[in-house]
Amino acid sequence: MAAKALLDRGQAVTMLDGGLELDAERRQVVSALAKQEPDAWDPALTARLRGPLDRPELKPSFGSDFPYVRGLDAGLDERGTRCLASLAKGGLSNVWGAAVLPTPREDFDAWPLTADELAPHYKAAGETLRIAAVRDGLEKLFPFYSEPRPPARPTLQAQALLRHLDARAQNLTASGVSYGRARLAVDAEGCRDAGLCLSGCPYGSIWNSAQEVETLRKRPGFQYKGGLRVRRVQSTPGGVRVSARALAGGAPADFEGARAFLACGPLATARLALVSMGLFGRELTLRFQPYFLLPAAMRSNVPGAAAERAMTLAQIFLELRDPAVSSRLVHLQIYTRNEYIADRLSRAARWAGPLAPLVERAFSGRLLAIQGYLHSDEAQGASLRAQADGDDGRLILEARPDAELRRRVRAVASALARRSSDLGFRPLTPLLRVGAPGEGNHVGGIFPMRRSPGELETDALGTLPGLPRVHLVDSSVLPSLSSATFTYTAMANAHRIGSRA
């Protein structure tokens, strides 16, 4: 988005990127499947592309883990956190859930700008993402800044649940619950209901920033240089100098320009900025959205749900406002039956022995998965500091046990249980799993933008005092992380900085 804004202003842009991609063999399989309708697919090929289902925190892309760089390979020494970095072309958008919402107006209280100032950039980001959505009860909290595209067909379970929610809408509003169809960055009109959304769409219907890079490459003034890892960025009297090395062979390469824009993902951006300034040992705070996964059961089985082939991304968004739980909105994404739910149900039913098929049929049309997120204010945050380690340095991340956060997440489950008759489902609270700090990959706020920034805070254009003409444009500069998914906000903010820098 920063590159788009700069190109629109007539600036020349060189993008340096790790650029790792899916291996050629799997690309060939994906290409073959994309030329057929799902009914004609070879089950053996689709099984290969699904990959292992036993590590959902490392959701594969077409059965491959190419989007991920973990641990010391990513320059991360993790102690109680579970964070991910990427050197892939398109980064973690290769495996994201495509859920998009703007930040509510009330959550701009810590920002050096207002929602109105970000509005035209939300519009630009929304037109890029081509958000599929409907106008419903969520619009009061989350306005549309660009015209929504037609949504995908809801699953049978989602249809049944929406009918129930509509019938109880008045009670839900009175109890602080808003709901609506999920807003997704997908080409719903091109969706073939293949059911592989969580492991990779062969038709490319889920938005991926790698697609956008290819669009940028067709524009005059844009150059893309993949296969690089940036190691230093320095301000010079006339501009900036960026030092990189090739991923293959490690050959050095230097680049000079008027300004540099860092969008490496918050952790890689932080490591690059701190190492470039030589700031080792200084402790900063990594903010994150507390994340939890809560299975739930609908009040009644939905016939046909087990055999349905449908889109498996989030179906419904719920927003909970309950002062007894949090002073901020709690954001909940409801997933109906998908390959992960089906796999876990099958495993859980095995205890029934010969009756396992009956157990699966009884629950297959009832089970839901709820991904929940709290505002970053509800967590202590994790400590972050850079340590010298060869030329690249590394980050040490450390999180302390947070009993209050776990209590708050349990309070969310209890709040849902109290409203279960109106919601149409009952949370299976004993199966609640609270994610480790950083899990879900919703992190940032390391160098928050301020009106009057301190030494390791950024101004409204994402610039640190120690790195003039270097602009941080990813979530590392967001002053707070709303409970609503914030990729849309990070993209809008990057476009704003690119438009004004």
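The values are calculated or read from the model by the stated rules, or taken from the named source; none is laboratory data. Here the structure is a predicted model, which is why all the values come from computation and not from measurement. All Cβ positions, glycine included, derive from the backbone under ideal geometry; neighbour counts span all protein chains shown.
Below is a table of values for the structure above.
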{"item": "Every residue from the stretch 261-284 that is more than 27 Å from the chain's Cα centre (by Cα) and aliphatic (A, V, I, L, M)", "result": "Met277, Leu279"}
{"item": "Subset tally (residues that are modelled with pLDDT of 95 or more, out of contact with any Asp or Glu (no Cβ under 8 Å at 6 or more places or on another chain) and either small (Gly, Ala, Ser) or assigned to a loop (DSSP other than H, G, I, E, B) (or both)) for the stretch 110-125", "result": "7"}
{"item": "Members of the stretch 296-310 that are touching a helix residue (DSSP H, G or I) at 6+ places or on another chain (Cβ under 8 Å) and aliphatic (A, V, I, L, M)", "result": "Ala296, Ala297, Met298, Val302, Ala305, Ala306, Ala310"}
{"item": "Qualifying residue in the stretch 85-104 (condition: out of contact with any Pro (no Cβ under 7 Å at 6 or more places or on another chain), among the aliphatic types (A, V, I, L, M), within 24 Å of Gly435 (Cα to Cα) and not in a loop (DSSP other than H, G, I, E, B))", "result": "yes"}
{"item": "Sole residue being on the phi < 0 side of the Ramachandran plot and at pLDDT below 95, chosen from Pro453, Pro401, Pro448, Pro479", "result": "Pro401"}
{"item": "The stretch 80-126, residues that are farther than 24 Å from Asp17 by Cα, surrounded by 18 or more Cβ atoms within 10 Å (Cβ to Cβ) and among the small types (Gly, Ala, Ser)", "result": "Ala99, Ala115"}
{"item": "Filtered residue count, the stretch 246-281, keeping only those that are in contact (Cβ under 8 Å) with a residue 60 or more places away in the chain, closer than 27 Å to Met491 by Cα and either outside any helix (DSSP H, G or I) or not assigned by TED's automatic domain parsing to the domain that holds Ala3 (or both)", "result": "11"}
{"item": "Answer from Thr458, Thr485, Thr463 - the residue that is buried (at least 19 other Cβ atoms within 10 Å of the Cβ), polar (S, T, N, Q) and within 18 Å of the chain's Cα centre (by Cα)", "result": "Thr485"}
{"item": "Among (1) more than 30 Å from Ala324 (Cα to Cα); (2) modelled with pLDDT of 95 or more; (3) surrounded by 15 or more Cβ atoms within 10 Å (Cβ to Cβ), the one test that Gly180 misses", "result": "(1)"}
{"item": "Any chance Thr173 is among the polar types (S, T, N, Q), under 22 Å from the mean Cα position of the chain (by Cα), assigned to a helix (DSSP H, G or I) and at pLDDT 95 or above", "result": "no"}
{"item": "Some residue of the stretch 386-398 being polar (S, T, N, Q) and not in a strand (DSSP E or B)", "result": "no"}
{"item": "Residue within the stretch 219-239 that is under 23 Å from Gln333 (Cβ atoms), basic (Lys, Arg) and surrounded by fewer than 21 Cβ atoms within 10 Å (Cβ to Cβ) present", "result": "no"}
{"item": "Only one of Asp17, Asp23, Asp77, Asp39 that is buried (at least 19 other Cβ atoms within 10 Å of the Cβ), of a type in the set (Asp, Glu) and on the phi < 0 side of the Ramachandran plot", "result": "Asp17"}
{"item": "Output for the stretch 152-164, where each listed residue is buried (at least 20 other Cβ atoms within 10 Å of the Cβ) and at pLDDT 95 or above", "result": "Thr155, Gln157, Ala158, Ala160, Leu161"}
{"item": "Residue in the stretch 56-73 that is more than 20 Å from the chain's Cα centre (by Cα), hydrophobic (A, V, I, L, M, F, W, C) and assigned to a helix (DSSP H, G or I) present", "result": "yes"}
{"item": "Test result for Arg219, farther than 23 Å from Phe144 by Cα, without any contact (Cβ under 8 Å) to a residue 40 or more places away in the chain and out of contact with any Asp or Glu (no Cβ under 9 Å at 6 or more places or on another chain)", "result": "no"}
{"item": "Scan of the stretch 372-411 for residues that are among the polar types (S, T, N, Q) and crowded, with 19+ Cβ neighbours inside 10 Å, ordered by number", "result": "Ser376"}
{"item": "Any chance Leu431 is in contact (Cβ under 8 Å) with a residue 60 or more places away in the chain, surrounded by fewer than 18 Cβ atoms within 10 Å (Cβ to Cβ) and not assigned by TED's automatic domain parsing to the domain that holds Leu272", "result": "yes"}
{"item": "Selection status of Arg469, surrounded by fewer than 22 Cβ atoms within 10 Å (Cβ to Cβ) and either modelled with pLDDT under 95 or among the aromatic types (Phe, Trp, Tyr) (or both)", "result": "no"}
